[in-house]
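Engineer: Below is a structure I'd like to ask you about.
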Amino acid sequence: MKIVTFNLRCLYNAEVDGINSFIHRGGMILDVIFEKKPDVLCFQEVVPAHMTFLRKHLSPEYTILFTQREPGLTGEGLAVAYRQETCSLYGLEVFWLSPTPNVIASKFPGQSVHSRIGHRLWFKNEESGNQFCLYNLHLEEISEDVRVQQMDVALD
């Protein structure tokens, strides 16, 4: 099994991110995916424009799931792609990394401006029959204390 994760970098920060912006990284990300052929891909800082890009280049080989984190399930979020040939998904849980994980857009006191979400996914490897659980998280960027609290939520 090969599992890879990418922080895509939000498209809206191109001036701030400079050479690290997705405009410069998108092709390199695809190169790694096509070379390594991971079974599961986790993505953070995904916006709808990223999803258009990912679906264009990864479908139909990969099934892609996308969850946005803001009120009304809008804005930035997480995505997971898995190769249908090697994996089957049999469970998905979306939760907010907050004291109230089932409340959309909730967050911890002292957390930066945006809420944070997590995916907990259950897969079966089609070749071996083994089952596994995978977490895709995008933790707080500023406060270490909040990051620790968010990990506690994920582990609970």
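Engineer: Which number in (1) farther than 20 Å from VAL113 by Cα; (2) modelled with pLDDT of 95 or more; (3) hydrophobic (A, V, I, L, M, F, W, C); (4) open to solvent by less than 20 Å² (accessible area, probe 1.4 Å) marks the one condition that LEU78 misses?
Structural biologist: (1)
Engineer: Considering only residues that are of a type in the set (A, V, I, L, M, F, W, C) and either open to solvent by 80 Å² or more (accessible area, probe 1.4 Å) or over 16 Å from the mean Cα position of the chain (by Cα) (or both), which ones fall in the range 123-138? Outline the logic, then answer.
Structural biologist: Filtering the range 123-138 down to residues of a type in the set (A, V, I, L, M, F, W, C) leaves 123, 132-134, 137.
If the condition is that a residue be of a type in the set (A, V, I, L, M, F, W, C) and either open to solvent by 80 Å² or more (accessible area, probe 1.4 Å) or over 16 Å from the mean Cα position of the chain (by Cα) (or both), then PHE132 is the only one that fits.
Engineer: Any chance the range 139-151 includes a residue that's open to solvent by less than 70 Å² (accessible area, probe 1.4 Å), touching a strand residue (DSSP E or B) at 6+ places or on another chain (Cβ under 8 Å) and not in a helix (DSSP H, G or I)?
Structural biologist: Scanning the range 139-151, I find no residue that is open to solvent by less than 70 Å² (accessible area, probe 1.4 Å), touching a strand residue (DSSP E or B) at 6+ places or on another chain (Cβ under 8 Å) and not in a helix (DSSP H, G or I), so the answer is no.
The values are calculated or read from the model by the stated rules, or taken from the named source; none is laboratory data. For clarity, every value in this text was computed on a predicted model and none was experimentally measured. All Cβ positions, glycine included, derive from the backbone under ideal geometry; neighbour counts span all protein chains shown. Note: accessible area is taken over every heavy atom of the protein model, side chains too, but ligands, DNA and RNA are not part of it. Shrake-Rupley method; radii C 1.70, N 1.55, O 1.52, S 1.80 Å.
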